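The values are calculated or read from the model by the stated rules, or taken from the named source; none is laboratory data. Source: prediction; values computed, not measured. Reconstructed Cβ throughout: ideal geometry from the backbone, glycine too, with neighbour counts over all protein chains shown.
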Amino acid sequence: MAHYLESLLPVVEKPARYLGGEVNAARKNRGDCDFSFCLAFPDVYEVGMSHLGLSVLYGILNGEKKVIAERCFAPWWDMELLMRRKGLLLSSLESQIPLREFDMVGFSLQYELSYTNVLAMLDLGGIPIRRRDRRDEDPIVCAGGPCAFNPNPMADFIDVFAIGEGEDLVLEMARTYLEGKKKGKGRREILELLARIEGLYCPGIHDGKTRVKKRVVMDLNDSFFPTAPPVPLMKAIHDRITIEIARGCTRGCRFCQAGMVWRPVRERHPEIVEMLTESLVASTGQEEISLLALSAGDYSFISELITSLVQRYYNRRIALALPSLRVETLKGELIEEVKKVRKTSFTLAPEAGTQRLRDIVNKCNTEEDLIATVKKVFEAGWRSVKLYFMIGLPGETKRDLYGIGDLVHRLLEETKRGGGITVSVSTFVPKAHTPFQWEAQIGWEETSERQELLKSILRHRRLEFRWHDPRMSLLEGLFSRGEEDMGRLVEKAFILGCRFDGWAERFRFDLWQRAMDELGIVPEKILATRPLDANLPWDFIDCGLKKEFLLTELMRAQRGELTPDCRLDGCYGCGVCDGLSIRPVEANRLAEKSTSPCQAREEKLELCRYRFLFTKGEAMRFLSHLDVAALLQRSFSRVGLPLLFTEGFHPHPRISFAYATPVGMESEGEYGEMLLRYTLDEVDSLPPKINRFLPTGIEVKWIRRVPNEGPSLTESIDYFTFSAPLIGWSSSRREELKEKIKDFLSVEKFEIIRHRKNKEERRDIRPLVRDIYLNPQEEKLIMELFFTARGMVSPFHLLHEVLGLPLEDVKSVKIKKEATSFKLSY
């Protein structure tokens with residue numbers, strides 16, 4: 001089936017975003033299913049494919065025989081523009097079904113600045129953006145994620161909000177929808193049925209006063225976790241396996257919404273973590289594992305788990321990564337284990353520059369903790385660390401800002417032989433359901449002034465300073481604590497053209513300012529301090545925390561008093577745990593292993609060189625060379641090839657390729673070479689096994705042993721054969737082409753002008769062309785082009801510069817690499 005965006009893919013940025021067809025992607029016949037759900041992520045493919053929640057829901061839904069779940073991501077601005085010009089509807093990746101034809105469309109609301117993308121996707125998918133305008137034939141539009149804990153700003157556009165954890169909710173929603181449809185119920189009646197489910201808020205049904213209680217997964221060990229998620233076709237933002245080892249946090253940072261709303265703490269048993277990891281490594285071939293938790297260092301047996309995983313995957317050079325860590329939880333043995341394979345980044349979050357302010361926000365660590373930890377990291381061989389700070393916190397003074405500088409400069413002094421330090425500063429945004437939900441947010445001008453002060457303080461050759469756009473923080477603040485009238489602002493900004501507002505290169509604050517001016521919105525009023533006795537717009541959402549607890553924590557913050565972790569010092573009555581159905585769940589100790597894989601790390605190396613041929617077909621011609629290389633590497637890992645890795649800071653497999661075939665070009669003759677640790681048996685049986693783990697359109701044809709010594713793959717190449725279709729060309733046009741070919745081949749020199757870095761370069765391309773001729777039987781133009789130390793001439797340049805095809809026509813020509821010819825065959 002031709003891709004519905006076929007004509008647009010050659011001219012947009014990163015066309016691989018829109019292809020689909022990944023390994024492990026669901027392949028179901030919609031006609032065999034009773035219910036269809038589109039999981040819509042309001043950001044680009046490479047961001048959405050990094051989101052664990054999407055994979056979880058995708059696996060749960062597609063695990064049901066009669067349910068089909070497909071994915072859709074926000075098209076980048078260039079694709080949206082072209083789709084609107086062509087009148088094309090936004091459709092799913094798997095089956096290319098327009099969004100409006102699904103039973104339900106569900107958005108993941110991870111970030112307030114994705115709200116305009118939600119409206120853009122609805123509109124582009126043929127769904128009325130306002131819920132009141134939808135008819136019975138339109139999908140039910142639902143949304144979940146952390147932003148749903150204040151659903152008000154998006155309440156005009158979303159039919160159903162999922163509050164809390166969705167693993168159990170999503171199938172209950174599907175079954176309720178089907179039950180309603182079977183009984184002939186209309187849209188509103190189905191919404192009324194959904195509104196009865198615990199954890200669902202339906203703005204058109206509920207009155208905004210009825211308490212909506214969040215859903216909680218009681219035990220992670222019993223909950224679904226995806227072991228074969230779709231493998232991204234292109235490099236994802238977080239290009240790794242992600243294993244959730246724990247959910248919830250009771251450290252009690254007073255600014256942190258996630259630490260409040262995702263309580264209680266529940267840990268996944270380490271043996272289950274190991275089983276899940278093994279399945280994911282086998283099903284994806286990824287080379288890095290990330291252990292996910294709000295506070296990974298607090299996981300009960302984190303050291304034992306990391307040691308076990310490093311031992312298991314050392315020989316395969318699969319690295320281990322941890323998320324942002326609390327300073328006081330990063331132990332020396334943890335650092336030593338993580339570094340054994342690859343030194344993944346270390347990110348620490350001191351949050352504030354003075355002990356006084358750290359106490360106010362309940363960050364229970366000290367300056368000495370941070371210095372000791374950074375010393376350990378640098379002594380272990382790391383080249384850099386990242387430090388997260390926050391400005392604009394309640395009670396912050398100029399002394400606290402200078403404190404950030406003092407702390408960082410002391411770190412530099414204490415680690416003179418250390419690496420670089422990246423200081424990343426964000427702006428405090430008060431969030432619903434936190435002790436600071438009543439506090440004011442500083443304006444963006446004040447934020448800019450504080451950032452400028454830090455820039456002047458944080459100057460050093462080993463320092464890199466990063467900051468968040470204060471105008472973005474202003475918008476986050478408006479939506480974090482906004483009421484339903486903020487929906488008017490989202491809609492107005494969408495109409496004015498706002499998209500991808502969290503991306504610096506696409507952020508248009510001028511349009512947001514215009515929207516606020518036209519609607520009479522005064523940000524200062526919304527960002528101001530809230531009265532402690534006020535009815536807050538999100539009070540009807542019950543995340544389990546008592547309001548009295550939040551108020552008590554606010555008072556303790558104002559007095560600079562710490563509240564200890566309840567897992568260490570006993571319950572302090574936050575309200576989440578009822579002791580019966582909802583309670584903390586901690587992991588049990590990892591079982592002792594009789595032998596350690598690390599004892600057999602050293603092996604006798606044989607160093608064998610293998611060459612392989614693969615093809616890149618129509619379905620995957622828009623993948624980049626790097627994307628194809630990554631897919632092949634993962635497939636080799638999945639079949640267990642003993643890849644040889646480089647040494648050093650970032651080990652990678654010794655795989656090389658002959659030539660980077662351009663994006664958009666098919667190829668029947670792609671070659672690569674790899675170094676293996678020992679000789680392979682039954683090498684002829686490998687390609688079918690490897691191809692099982694490659695997307696349709698990439699296929700390994702053969703693998704052969706070649707001598708270890710001798711010229712490299714690129715040195716062995718003589719020329720490439722390319723073809724361009726001539727279907728539909730008139731006889732006179734073909735004759736004209738023949739004359740141009742004849743003229744070109746008859747000369748000894750043919751110069752073209754290329755523009756590089758504002759300079760004109762003349763290049764003689766005649767020696768780079770072996771032959772050009774027409775193949776009338778197949779209606780093709782054949783180009784044989786030498787591959788030399790000077791490089792080669794692009795077949796696209798040849799069509800334009802030599803044969804006179806207009807540049808716009810050349811861009812749409814489907815050139816294909818037919819073969820690669822070698823000077824020496826093995």
(message) If Glu715 satisfies all but one of (1) out of contact with any helix residue (DSSP H, G or I) (no Cβ under 7 Å at 6 or more places or on another chain); (2) touching a residue at least 12 places away in the same chain (Cβ under 8 Å), what's the number of the condition it fails?
(response) (2)
(message) Are there strands (runs of 3 or more DSSP E) fully within segment 681-782 with at least 1 residues that are modelled with pLDDT of 95 or more and of a type outside the set (A, V, I, L, M, F, W, C)? List them.
(response) 698-706, 717-725, 769-775
(request) For segment 1-24, enumerate the residues that are in contact with a strand residue (DSSP E or B) (Cβ under 9 Å, 6 or more places away or on another chain) and crowded, with 19+ Cβ neighbours inside 10 Å. (result) Leu5, Arg17, Tyr18, Gly20
(message) Every residue in segment 305-346 that is modelled with pLDDT of 85 or more and within 13 Å of Lys386 (Cβ to Cβ), please.
(response) none
(request) Inspect segment 208-223 for any residue being within 30 Å of Glu22 (Cα to Cα) and either among the aliphatic types (A, V, I, L, M) or touching a Ser or Thr at 6+ places or on another chain (Cβ under 7 Å) (or both) and give the result as yes or no. (result) yes
(request) Would you mind finding the one in Arg100, Arg135 that is free of Cβ contacts under 8 Å to residues at least 60 places away in the same chain and part of a helix (DSSP H, G or I)? (result) Arg100
(message) It is to be established whether one or more residues within segment 754-762 are touching a strand residue (DSSP E or B) at 6+ places or on another chain (Cβ under 7 Å), surrounded by 15 or more Cβ atoms within 10 Å (Cβ to Cβ) and either over 21 Å from Glu818 (Cα atoms) or not charged (D, E, K, R) (or both).
(response) no
(request) Output the number of residues of segment 177-227 satisfying the condition of being assigned to a loop (DSSP other than H, G, I, E, B), polar (S, T, N, Q) and at pLDDT 95 or above. (result) 2
(message) Testing Gly259 on (1) part of a loop (DSSP other than H, G, I, E, B); (2) within 25 Å of Val576 (Cβ to Cβ), one condition comes back false. Which one is that?
(response) (1)
(message) Take Ser7 and tell me if it is part of a loop (DSSP other than H, G, I, E, B) and either more than 18 Å from the chain's Cα centre (by Cα) or of a type in the set (Val, Ile, Thr) (or both).
(response) yes
(message) Let me confirm something: among Tyr201, Tyr177, which residue is more than 16 Å from Pro139 (Cα to Cα) and among the aromatic types (Phe, Trp, Tyr)?
(response) Tyr201
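Condition check ((1) without any contact (Cβ under 8 Å) to a residue 12 or more places away in the chain; (2) farther than 21 Å from Val338 by Cβ; (3) not in a helix (DSSP H, G or I)) across all residues:
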| residue | (1), (2), (3) |
| --- | --- |
| Pro230 | no, yes, yes |
| Pro264 | no, yes, yes |
| Val273 | no, no, no |
| Ser283 | no, yes, no |
(request) Count, please, the residues in segment 529-565 that happen to be of a type outside the set (A, V, I, L, M) and over 33 Å from the mean Cα position of the chain (by Cα). (result) 18
(message) Restricting to segment 792-804, give me the number of residues that are of a type in the set (Gly, Ala, Ser) and either within 38 Å of the chain's Cα centre (by Cα) or surrounded by 15 or more Cβ atoms within 10 Å (Cβ to Cβ) (or both).
(response) 1
(message) Would you confirm whether or not segment 419-437 contains a residue that is modelled with pLDDT under 95, buried (at least 19 other Cβ atoms within 10 Å of the Cβ), in contact with an Asp or Glu (Cβ under 9 Å, 6 or more places away or on another chain) and among the small types (Gly, Ala, Ser)?
(response) no
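Does Lys398 satisfy the criteria of being over 27 Å from Asp469 (Cβ atoms) and more than 34 Å from the chain's Cα centre (by Cα)?
No; evaluated as a whole, the condition is false for this residue.
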(request) Could you tell me whether any residue of segment 795-817 is within 30 Å of Tyr610 (Cα to Cα), in contact with a Phe, Trp or Tyr (Cβ under 9 Å, 6 or more places away or on another chain) and either in a strand (DSSP E or B) or at pLDDT 95 or above (or both)? (result) yes
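Residues are listed down the side, and each one gets a yes or a no for (1) in a helix (DSSP H, G or I); (2) surrounded by 14 or more Cβ atoms within 10 Å (Cβ to Cβ):
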position	(1), (2)
Val490	yes, yes
Phe507	no, yes
Asp510	yes, no
Glu518	yes, no
Glu524	yes, no
Leu532	no, no
Arg556	yes, yes
Glu561	no, no
Val576	no, yes
(message) For segment 235-250, which positions are assigned to a loop (DSSP other than H, G, I, E, B) and surrounded by 22 or more Cβ atoms within 10 Å (Cβ to Cβ)?
(response) Ile245, Gly248, Cys249, Thr250
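Based on this model, can you work out whether Ala789 counts as exposed (fewer than 11 other Cβ atoms within 10 Å of the Cβ), within 30 Å of Gly710 (Cβ to Cβ) and not polar (S, T, N, Q)? Quick ask: steps written out before the conclusion?
Values: exposed (fewer than 11 other Cβ atoms within 10 Å of the Cβ): yes; within 30 Å of Gly710 (Cβ to Cβ): yes; not polar (S, T, N, Q): yes.
Yes, satisfied.
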(message) Could you check segment 85-115 and list, in sequence order, the residues that are in contact with a Leu (Cβ under 9 Å, 6 or more places away or on another chain) and either at pLDDT below 95 or hydroxyl-bearing (Ser, Thr, Tyr) (or both)?
(response) Ser91, Ser92, Ser108, Tyr115
(message) Every residue in segment 267-317 that is crowded, with 21+ Cβ neighbours inside 10 Å, hydrophobic (A, V, I, L, M, F, W, C) and over 19 Å from the mean Cα position of the chain (by Cα), please.
(response) Val273, Ala296, Ile302, Leu305, Ile306, Leu309, Val310
(message) Quick test for you: out of Gln441, Gln451, pick the one residue that is crowded, with 18+ Cβ neighbours inside 10 Å, among the polar types (S, T, N, Q), modelled with pLDDT of 95 or more and in contact with a Leu (Cβ under 7 Å, 6 or more places away or on another chain).
(response) Gln441
(request) Select from segment 502-529 the residues that are over 22 Å from Arg488 (Cα atoms) and in contact (Cβ under 8 Å) with a residue 12 or more places away in the chain and list them in ascending order. (result) Ala504, Thr529
(message) Checking Gly395 against (1) at pLDDT below 95; (2) closer than 30 Å to Leu532 by Cα; (3) not acidic (Asp, Glu), only one condition comes out false. Which one?
(response) (1)
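This table checks each residue for (1) without any contact (Cβ under 8 Å) to a residue 24 or more places away in the chain; (2) within 20 Å of the chain's Cα centre (by Cα).
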site	(1), (2)
Lys14	no, yes
Val23	no, yes
Gly48	no, yes
Leu81	yes, no
Gly87	yes, no
Ser95	no, no
Met104	no, no
Phe107	no, yes
Thr116	no, yes
(request) Give the residues of segment 104-132 that are touching a Phe, Trp or Tyr at 6+ places or on another chain (Cβ under 7 Å), outside any helix (DSSP H, G or I) and farther than 17 Å from Gly48 by Cα, sorted by residue number. (result) Met104, Ile129, Arg130
